[in-house]
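Take a look at the structure set out below.
Where a number appears in this text, it was derived from the coordinates with a stated rule and is not lab data. As the structure is a prediction and not an experimental result, all values here were calculated from the model. Heads up, the Cβs are rebuilt from the backbone with ideal geometry, glycines too, and the neighbour counts pull from every protein chain shown.
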Amino acid sequence: MSRFQTVFAARERRGALRYDVRVSAVIASDEIATNVPCLIRDISQTGAMIEVEPGPLPADFTLAFSRQCRIIRRNKDGTKLGLEFLLPWSVHP
């Protein structure tokens, strides 16, 4: 099996489609004194791959990131909003 086929087969076993991105985020937890910066490398509905500097991390934590956005549509009572990210995800092949 070629390398391409191997990679493709591995991706097919994933539960959700992943998107290659480069988004800055932080790891937050009551177990660590300060937030740890990281970079989200790919993301899906069920998980993500992140890159961090070497060091201890708790097994469970909150991954926090923010995106500036603008409202582009809303329903009649204003309770559901459609948003546009002002800076789109940086997609990398």
Distant-in-sequence amide H partners of R41 (H built 1.01 Å from N, under 5 Å): M49, I50, E51
Quick one: Cα convex hull volume of the stretch 28-74, Å³ per residue? 135 Å³
Can you quote the Å³ per residue value for the convex hull of the Cα atoms in the stretch 3-85, rounded to an integer? 172 Å³
So for the pair E31, D77, with labels modelled 7 Å out along Cα→Cβ, what separation do we get in nm? 4.1 nm
Over the stretch 3-85, what is the percentage of antiparallel beta bridges among all DSSP beta bridges, to the nearest 5? 100 percent
What does the charge add up to near D60, with Lys and Arg as +1, Asp and Glu as -1, over the other residues with Cβ less than 11 Å from its Cβ? -2
Here the stretch 60-76 yields Karplus 3J(HN,Hα) values (6.51, -1.76, 1.60; θ = phi - 60°; whole Hz; Gly and Pro given as x) of 10, 7, 9, 9, 10, 8, 10, 9, 6, 8, 10, 6, 10, 7, 8, 6, 4
